[in-house]
Amino acid sequence: MADIERELTEEEVVAGVNADYATKYGFSDVEDYFFKAKRGLDAGVIRAMSLSKNEPEWMLDIRLKAYEHFLSRPVPTWGADLGEIDFDEIYYYIKPSEREGDNWDDIPSYIKDTFNKLGIPDAEQKYLSGVAAQYESEVVYHNIKKDLEEKGVVFLGMDEGLRQYPDMVKEYFGTIIPFNDNKFAALNTAVWSGGSFIYVPPGVHVEMPLQAYFRINAKNAGQFERTLIIVDEGAYVHYVEGCTAPIYSSDSLHSAVVEVLVRKGARCRYTTIQNWSNNVYNLVTKRAVAEENATMEWVDGNLGSKITMKYPAVYMVGEGAHGEILSIAFAGKGQHLDAGGKVVHVAPNTTSRIISKSISKGGGRASYRGLLKVEKNAENCKSNVVCDALLLDPESRSDTYPYIEIDAEDVTVGHEASVSKVGEEQLFYLMSRGIPEDMATSMIVNGFIEPLVKELPMEYAIEMNRLIQLQMEGSIG
Amino acid sequence: MTIALEIKNLHASIGEQPILKGINLLIKQGEIHALMGPNGSGKSTLAYTLAGHPAYDPTAGQVIYDGQDLLEMEPDERSRAGLFLAFQYPAAVPGVTLAKFLRQTINSRRQAENPEDSGISIPAFRRLLKEKMDMLGIDHKFAGRYLNEGFSGGEKKRVEILQMATVEPKIAIMDETDSGLDIDALRVVSEGAMRLYREMNMGMLVITHYQRILNYIQPDYIHIMLDGRIVESGGPDLALKLEEEGYDWLREKYGITETA
C-alpha cells in the first residue's frame, strides 16, 4: 500500500490551498529607502552605485565598458516584443537599507514582514541549508547553516562575495557570460547589484537546498542581480530561487545574469520558480559550464511576468559531462513566455536532455526556443529534446523554435514536439465520474506537468502545483 | 426508493448524422438489461448520449432519471446522481494517478453535498481502495500509475469496474466491457459487477456483441438494436437465438440492409 500512501501525502498538503496573487504576493510596502537613484541610466548613476558599494576599480571599469556596449546594441527583435520597454522610466538602483544582515531581526521590520508573508524564514527553518533574500537592488539577508560554513561552503550576497573573495570573483566574473554576450547581459553587467555568490569546496555535498528569494517592491523598479556559482570537484549543491512583485500598471524590468561552473565530477541543480507579477519584463541570461563527468541541471518554472525571454544553457566542455534542462512555462492572459534552453556539446561522449512543457490559456502565448549544438570533434554525443505544449482554449498560442547544429560525426539526436488541446475525451471521462469541469481541467493540466514537477523537492512541487492552480483560476495579475 | 432510467423516443446525432432514431427503454434499479446488436447499430451512441458526451447531440425525445430531466444535466451531475458508464475505450490521463483520480471522484460527491467538506481522510480512502482493488484482483501498484496510461485492454476494464465499485452507482451502463478480455479477466470483471448488483441493488444495461458475458451477468431482459432502434425485446432465450442464428433474420424481418 506504500504506493497509495505516497500518492496521497503530497495531495493532502496541496488540498485546500486557495489564495490569489493579489493578496498573497501582490501587496507592496511604502518606500522608505536608504538610497534611490534617479530614473533612467547614465554613466553618473553607474559611478554613484559603484562608489556607494565601495567597489574595486576593475569592477567599475567593467561596468562602464558594459554600459557602452548596452547602448550600442539594438533591442533584439527575434523573440518576444520588447519594443515597449522604456529604459528611461526605470529606477536602476534602489538600496533599501544600509546594511545586510544574517539575522532577520537586524533588517528593517517592513522588509522582514514582507519575507515573513512570503514564508521565507519559515522555509529556512524547515528545509533549507541557507537563505538569501534580496529586496530591490540589495541582498538584505543571508545566512547559511553553521556546519556547511565550517566545511568551507560560501553562500553570500554577490556584493559581499566581491568584498570577501575579491580574487575569486575577479577570476570568474564574466568568464562564462561576457558583458558583450547580449544587450541584457551588458545591461546587467553595467548595473548589477545583489544576487548570490556560492562556492562549494571539493567533495562537499550540500544536502538541503540553498534558496534565494527576489522581491521587487517599488514601481518601475529594475532588478539586476548577478549570481556566480562554483561547484568544485566532486561536490554537489542545489540552488533554488523564487521571485514575486506587487502588481502595478507600469512596467518593471528584471534582468539577471547567472554564471555556473561545475568542476570535474561535480553536480549542480539550479531550480527557478519565476512568479513575477504581470507587469515585469523578465530578460535573463543563465549559462553553466560543465567539466569532465560533471552534471548541470536547470529546472526552470515560468509562471509570471509580462514577457519572459530565458534560455538556460549548458556548455559541456569535459568528456562525459551531462546537461539537463527541464522547463515549464504557463502563459495566461497578456503574457508571452519565450523560454527554452541551449545545450552545447563541446567535448566527446557528452550527453544532454531537454524537456519542455508549456501551457497557454486565456490568449496567452508560450514559446519553446531551443538550441542543440554539437561542435566538431565532439564525437559520440547523445542528446534528446522533447517539447510538449498544451492549449487550454482556441485564443491561446504555442510556438516551437528548435535549432539544431551538428558539426560532429557519430552523434545520436532525438527531437520530438507535440501540441495538444485539453482533450475532449479526457475531460468527458473525468466529468463522467462526477468531477466538475474546472477541477477536471485542472487535473489534466497538473497531470501534463507532473513529469517535471516530480523532479522538484516536495516543498517546491507543492508550491508549483499551487501556483499552477492559481494560474488556472486566472487570479494571477 | 427504486430509481429508474426511462428513455422515451430518444433521437441523437453525431454532427449532422442521425444515429439514434427513437429509443424506448425503461431500466429500474435491481434489473439487468442486455443490449445487443451488430456494429454500427447505435449501441455505444446510446451509452454516450446517456452519459452526456458533448459530441452526441440529443435531437428529440426525453430521458427521465429519478424524476429529473437527464438531458439537461452536465456529465458530472449525471454521475453524481448515480448514473455510471463503464467505457469501452477509456481515455488515458497522463500524470494523474489512479489513486488521486479515485479520491477526487469521492471528494467531488462529498463536496457537491457540502462545499465545506474537506474530503475523505487518507486512512479511510486507503482502506476503501485496498478492499476494492483486492476484490477485483488489481495489483496495489496500480494506485500509483497514471490513469489508463499503458494499461492493457484487460487492465483498463478492471479499472473501469474499480471506478464503478468506488462511486457505487444506482444504474450502470457497461459498454462492451467484455471486448478484449480473456476468459479469466471476463469472470473477475463480471463477478465484480454482479457483487455490486447484489449489494446495492444496482440496475444494469450491459451492451455486448456476444452471449459470452451473459453467462456471468444473467440478464432479465434482452433488447436487440438495429439501425438506431430497439427492434426486439425479450427474455434470456433471445440471446441464445442470436448466438445461433446471427442478426440476418432480424434484418430481413425489419427490412434493413447491412450497410444501413
Share of antiparallel DSSP beta bridges in the stretch B:4-254, in percent to the nearest 5? 60
So, over other residues within a Cβ distance under 15 Å of B:Gln88, counting Lys, Arg +1 and Asp, Glu -1, the net charge is -2
Pairs of lysines in the stretch B:4-254 (C-alpha under 17 Å apart; 8 or more residues apart or interchain): 16
What full-extension length gain, to one decimal in nm, is calculated for A:Asn54 and A:Asp29 as 0.36 nm per residue of separation minus the Cα-Cα distance? 6.2 nm
What FRET efficiency do you get for B:Asn24 and A:Ile404 if R0 is 56 Å and r is their Cβ-Cβ distance, rounded to the nearest 0.05? 0.35
When a/c reaches 1.5 or more, the comparison of a/b and b/c decides; with that in mind, is the stretch A:20-172 rounded, prolate or oblate per its Cα gyration tensor? oblate
Leaving out same-chain residues fewer than 8 places away, which lysines sit with a Cα under 17 Å from that of A:Lys117? A:Lys24, A:Lys126
Work out from phi, with θ = phi - 60° and the Karplus expression 6.51 cos²θ - 1.76 cosθ + 1.60, the ³J(HN,Hα) of each residue of the stretch B:135-152, listed in order in whole Hz, and give x for Gly and Pro. 4, 9, x, 9, 4, 4, 4, 4, 4, x, 8, 5, 3, 6, 6, x, 6, 6
Lysine pair count for the stretch A:130-271 [Cα-Cα under 25 Å; pairs on different chains or 8 or more apart]: 5
Which net charge results when you count Lys and Arg as +1 and Asp and Glu as -1 among the other residues whose beta-carbon is under 13 Å from that of B:Pro169? +1
Would you mind giving the three semi-axes, in whole Å and largest first, of the ellipsoid equivalent to the stretch B:90-177 according to its Cα gyration tensor? 21, 15, 13
Lys and Arg at +1, Asp and Glu at -1: add these up for the other residues within a Cβ distance under 15 Å of B:Glu6 and post the number. 0
Relative contact order (percent) for chain B, with alpha-carbon contacts under 8 angstrom and 6 or more residues of separation? 27
For an R0 of 25 angstrom, estimate the FRET efficiency from the Cβ-Cβ distance between A:Glu89 and A:Lys65 and round to the nearest 0.05. 0.50
Give the average, rounded to an integer, of partner chain Cβ atoms located within 10 angstrom of each Cβ in B:139-147. 4
Mind checking the log10 I(q)/I(0) for the protein assembly as shown at q = 0.08, 0.10 Å⁻¹? Debye, one equal scatterer per Cα, no solvent, two decimals. -0.73, -0.97
Length gain on complete extension for the stretch A:Arg39 to A:Asn377, per 0.36 nm per residue less the alpha carbon to alpha carbon distance? 116.7 nm
Order of A:411-421, A:31-41, A:178-188 by packing, highest average Cβ count within 10 Å first? A:178-188, A:31-41, A:411-421
Tally the DSSP beta bridges in the protein assembly as shown and give the antiparallel ones as a percent, rounded to 5. 20
Pairwise FRET efficiency - B:Ser121 versus A:Met208, Cβ, R0 = 35 Å, nearest 0.05: 0.70
Peptide-level mean, for B:105-112, of C-beta atoms on other protein chains within 10 Å: 3
Inside 10 Å of the C-beta atoms of B:163-171, what's the mean count of C-beta atoms belonging to other chains? 1
Which whole-Hz couplings ³J(HN,Hα) result when phi for each residue of the stretch B:49-58 is put into the Karplus expression 6.51 cos²θ - 1.76 cosθ + 1.60, θ = phi - 60°, listed in order with x for Gly and Pro? 5, 5, 7, x, 4, x, 7, 9, 9, x
For the modelled label position 7 Å from the Cα of A:Glu424 along Cα-to-Cβ, which residues of the stretch B:23-53 have backbone nitrogen atoms closer than 19 Å? B:42-53
Going 7 Å from the Cα of A:Leu82 in the Cα-to-Cβ direction, what parts of the stretch A:151-178 have a backbone nitrogen less than 20 Å from that spot? A:174-178
Residue separation between B:Asp69 and B:Glu113 times 0.36 nm, minus their alpha-carbon distance, gives in nm 13.9 nm
Can you give the translational diffusion coefficient of the stretch B:4-254 in µm²/s, computed by Stokes-Einstein from the Kirkwood radius over Cα pairs at 4 °C and 1.567 mPa s? 69
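Only the coordinates and a few stated rules stand behind these numbers; no lab work does. Since we're looking at a predicted model, the values are computed, not measured. Cβ atoms come from the backbone with ideal geometry, glycine included; neighbour counts cover every protein chain shown.
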